Ligand SMILES: Cc1cc2nc3c(=O)[nH]c(=O)nc-3n(C[C@H](O)[C@H](O)[C@H](O)COP(=O)(O)OP(=O)(O)OC[C@H]3O[C@@H](n4cnc5c(N)ncnc54)[C@H](O)[C@@H]3O)c2cc1C
Ligand code: SF4
Ligand code: SF4
Ligand code: FES
């Protein structure tokens, strides 16, 4: 019947440069290089195991399942996070711990900040009504919108590349936590105030929609479209946060003028701030805006029609 | 001075059994502490659970099939049948509500009916077949954290402490930081599982070095039926790290078909519905069939045969099976291509000799729950039940009794043993080499056993113990995540567990289930439907047997040729 | 051959980045590309409409697509975020008949219909793909003299992979363009990262830190300017550059050019035609490097200090 091995172009060797750093001993990281034979269909983890087992090197790396279930084996390979047990070994690999995480030793990083933040989000179904007993009334359609979110294995690859999380004290939850929160918020059984959590605790509006998280997700969750944006729509109800005010001001502006007036949106989101004024002067100086823009701009001739159509669309 | 933490109940292991033990003990009001060698809810074999059995008492026929499966096919008449009755109750009333309350979604159809595997016995999946374990464990983990129960993750229990009569806690090594401490407990629950990485190919994962079995051996606890060791047959051969990917020969969601096995000539030699329709987990039968193919030169234990779902509609596989992704990742087509397989050392039927009513072991103060016990093979649901029984019994007892002192001397001895491995140098073998050697010995022993090859394995293990272990040298003496240090401790545990397993095998003079002795090629229910018990006291191995009652479902034949039996 | 496209400038190019609109028209004209600007198109909603209501998002973008379809030609955008909104909506409405019907019901009052008859592309791709490298090269009259330009792609022209595919990430269109024009591509860590625009009103310091570090890397890599196909990235890098400098205490003064401006310079357009004086960070050094003063009027154009 069918052949089991399709790969005919596999290389015969794999060269690895492994990041070595023991915070207790080393002043700076170093890289150790190894060459290992390529085995059929080799994964990154097979190469690491070879170094550990056959070459008997005692470097630190973590894995707990070898089958894309535990989510503990992600490492940076040539600069991008990969699930070691899942992705193919490359002929040349520089292997480092994931970015933006505290190194315990070599490739092993701490998951503690993630766990601590997760706990703040009350990550189990919050029930106000008595649980009605198994099986509770629920259909596949009721939970269909979160079907991909349930695949998350908490590998934290997305957290490691999120540019907002990389900023100190961003206060932002990050994509993996938003996936968890979003799944709960889309669960018809959940009665927690997820809107408030998304807005205040998780600060979902700090997401810049860069899609870096989706790029690296090994289980291919459409994180922005299916986890984050549904949460933003929930958090939009919490009008007191800047993100929700911005979205509202943006829409108001387009409905009023037929186009968006950035100065007005900025003013309504932030109020009058020193930074805002400085920026406005700077831009006005080069004719990018007029200082009066924030308060007055002329509607485009089609503004009325645009508003009518948007209202019709939104109300559906 | 070593730090000492006090607790009522210490739970060792964070799989299905350990997590439920912690929750149920806490429900009783006991102070509970948990130690997990891996990460809570992300380690052990519980995350591998593809689906969970759905027990129903409403349909007599299905219930009869379930019982027949449990007793005959799954446990080869070695289960505690009274336990099965209680576990059945639990599965019917508590297991699913407990998890659903936390938010697990068991797959429904568009009308809201539970979707289930429609075989002689029924099973449910959370989300998809193959994804169930991680989802269930994730909810338990969140619940344990929510309750603020202290959990020591990436910490390995290295020994059990006694006061001479009773187990009163354990020593722990936090291998992230190299901190050694004592947990002083009124009662201790061992829940370290039964899927260990003891052979070159195994479903057990990296940290699973049978520590629980080894500690029990060293503490003088009784162990039963360790030789009843399952092997998976349809597990991916390449890549090596995917040896835990399983092409389910057991009933699938959405179809009445299962994976099939093909020998090197492309001839189908096994499928569940034809060859063992009563067995929802037909591994022992698969093994026997494969053994015939191997003997005939049409397959090897490590390859030369294939498995696949190519006779099933690809859409069905994609809809319900998590591992459909294995094919796509390899650039294969699940509707057409087959994957080469090898056997893997799988779950151990046996374990600590327990009284399954309360999960007490032969040592007072020590309970065993889940795969590490000997009363039932395991499974996510049964392990959870064990956790509940052990958790409640240990908690109630702890709340009613005082704390017994532990021996400071024993702690000092253990500390010396553990830190004794922190020797760097290049004048001796690395610990990982000892581990690899032990796995090779057990792999070579393999499925087909006899007095001679078991004696040879025993001698080989002894050589590792005497010649390799004393000379082990590490690359570094760091206490931060020192892989070599962990490997050294693992190797010692593996030696004790493997030795106990082989000795136990030598004692059993028959073949049964996945245990095949060429020199005793028949099932002997008259003499060997029993717990085959070993223990080590002051360096001496002792053995005895303890009969197993069959009040509900006795075996049909008292003796039959092994290759004619279907269980 | 004359090429015709429907053109959606987007709100930035009509306000804070009017030089983008200006330079796009100027460059298009020289290549015999006719851009039919949509009338009262409204807005794609940036990331805001989709954070309010999915239907609103689909309606607003479906409306723009429907307007463009009336011209019977593909739609060109000059903003990464508009491009993604329009491309995603177009894909969704083509595939999902329910969503399409809903949008069409909302559009009916205006007599508009979305049919799914056109494609959406970025003006950058019109240059590099539709016109092609050869016709670009043929037009270059003022080669960039190895001007060290750092490409900054912006997120929404390359991600998500569900829209752009796996290799969207390293789509080298802009790199190739810089080379064709005689410039030198600066390799640095930030080229395909995020500028932070979409958090700028919510938490300015995050955006400034993000883009500040990319700019720092580009400058460290020897960049004399940054080129971007997105006006939102442009706004962060240009208008917020003084804030970055304040934060890093490291004056950068790196001019930020729109793609159409870089092309315009190489094909001989004047600074006025390209609106080069409308940037917060002046472009004098770039002009000096490519010898702008000599080949046109013999003197550097008067740019504000
Ligand atoms: C491949 C595979 C497929 C399976 N499929 C199914 C299925 O479809 N359905 C089903 O119901 N069952 C299935 N099972 C069986 C089921 O998963 C197990 O029987 C059950 O989960 C065992 O749970 P446990 O808690 O006893 O052990 P485990 O889940 O193995 O947990 C052991 C725990 O002990 C910890 N530990 C080990 N050593 C130490 C130490 N020294 N100190 C501290 N902690 C330690 C580990 O880190 C781990 O957390 C499958 C098993 C495997 C291996
Ligand atoms: S899309 Fe949002 S969550 Fe994802 S990486 Fe970008 S900022 Fe982070
Ligand atoms: S969303 Fe994807 S990348 Fe992020 S933690 Fe989950 S599985 Fe990993
Ligand atoms: S080892 Fe568990 S996901 Fe890779």
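The values are calculated or read from the model by the stated rules, or taken from the named source; none is laboratory data. The model shown is predicted, which means the values in this text are computed figures rather than measured ones. With ideal geometry, Cβ positions are generated from the backbone for all residues, glycine too; neighbour counts draw on all protein chains shown.
Please return the ranges of strands (runs of 3 or more DSSP E) entirely within the stretch B:112-223 where 2 or more residues are more than 14 Å from every other protein chain (Cβ to nearest Cβ) and within 20 Å of the chain's Cα centre (by Cα). Spell out the reasoning first.
Values: elements: B:116-118, B:122-124, B:151-153, B:155-162, B:167-174, B:179-190.
Fully inside the stretch B:112-223 and qualifying: B:155-162, B:179-190.
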Quickly run through the stretch C:178-221 and pick out the residues that are touching a helix residue (DSSP H, G or I) at 6+ places or on another chain (Cβ under 9 Å), more than 8 Å from chain A (Cβ to nearest Cβ) and in contact (Cβ under 8 Å) with a residue 60 or more places away in the chain.
C:178, C:181, C:182, C:183, C:214
Do we have residue C:304 as buried (at least 19 other Cβ atoms within 10 Å of the Cβ), more than 15 Å from residue C:149 (Cα to Cα) and either within 14 Å of chain A (Cβ to nearest Cβ) or at pLDDT 90 or above (or both) here?
no
Failed criterion for residue A:102 (all others in (1) within 16 Å of ligand 4 (Cβ to nearest atom); (2) in the same structural domain as residue A:63 (by TED's automatic domain parsing) hold)
(1)
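Mind checking which residues of the stretch A:66-122 are at positive phi and either assigned to a strand (DSSP E or B) or within 16 Å of ligand 2 (Cβ to nearest atom) (or both)?
Scanning the stretch A:66-122 gives A:79, A:100.
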Selection from the stretch B:248-282 of residues part of a loop (DSSP other than H, G, I, E, B) and within 12 Å of chain A (Cβ to nearest Cβ) yields B:263, B:264, B:265, B:266, B:267
In the stretch A:213-223, which residue that is crowded, with 22+ Cβ neighbours inside 10 Å and facing chain C (nearest Cβ under 7 Å) is farthest from residue B:128 (Cα to Cα)?
A:215
Taking into account only those residues within the stretch A:192-201 that are more than 12 Å from chain B (Cβ to nearest Cβ) and closer than 14 Å to residue A:128 by Cα, which is surrounded by the fewest Cβ atoms within 10 Å (Cβ to Cβ)?
A:193
So, of the residues in the stretch A:276-291 that are more than 15 Å from residue A:253 (Cβ to Cβ) and part of a loop (DSSP other than H, G, I, E, B), which turns out to be farthest from the other protein chains (Cβ to nearest Cβ)?
A:291
Would you mind stating whether residue A:65 is more than 20 Å from the chain's Cα centre (by Cα), within 16 Å of ligand 1 (Cβ to nearest atom) and assigned by TED's automatic domain parsing to the domain that holds residue A:31?
yes
Tally of residues being crowded, with 19+ Cβ neighbours inside 10 Å, more than 14 Å from ligand 2 (Cβ to nearest atom) and over 12 Å from the mean Cα position of the chain (by Cα) across the stretch A:149-191
9
Are any of the residues in the stretch A:71-90 more than 24 Å from the chain's Cα centre (by Cα) and surrounded by fewer than 22 Cβ atoms within 10 Å (Cβ to Cβ)?
yes
For the structure I just gave you, tell me whether residue A:55 is away from ligand 2 (no atom under 16 Å from the Cβ), within 11 Å of chain B (Cβ to nearest Cβ) and crowded, with 23+ Cβ neighbours inside 10 Å.
no
So residue A:141 passes all but one of these: (1) away from ligand 1 (no atom under 16 Å from the Cβ); (2) under 30 Å from residue A:192 (Cα atoms); (3) touching a helix residue (DSSP H, G or I) at 6+ places or on another chain (Cβ under 9 Å). Which condition number does it fail?
(3)
Please tell me if residue B:422 is in contact with a helix residue (DSSP H, G or I) (Cβ under 7 Å, 6 or more places away or on another chain), surrounded by fewer than 22 Cβ atoms within 10 Å (Cβ to Cβ) and at pLDDT 95 or above.
yes
Within the stretch C:169-186, take every residue that is in a loop (DSSP other than H, G, I, E, B) and modelled with pLDDT of 95 or more and give me the one that is nearest to residue A:241 (Cα to Cα).
C:186
In the stretch C:233-252, how many residues are over 22 Å from residue C:79 (Cβ atoms), outside any helix (DSSP H, G or I) and within 13 Å of chain A (Cβ to nearest Cβ)?
0
Return the residues of the stretch A:232-275 that are within 30 Å of residue A:188 (Cβ to Cβ), more than 9 Å from chain C (Cβ to nearest Cβ) and in a helix (DSSP H, G or I); say none if nothing qualifies.
A:234
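Counting only residues that are more than 8 Å from chain C (Cβ to nearest Cβ) and not in a helix (DSSP H, G or I), which one in the stretch A:294-314 is nearest to residue A:255 (Cα to Cα)?
Residue satisfying both the conditions and the ranking: A:299.
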In the set C:110, C:69, C:95, C:119, the lone residue that is farther than 28 Å from residue C:255 by Cα and either in contact with a strand residue (DSSP E or B) (Cβ under 6 Å, 6 or more places away or on another chain) or within 13 Å of chain A (Cβ to nearest Cβ) (or both) is C:110
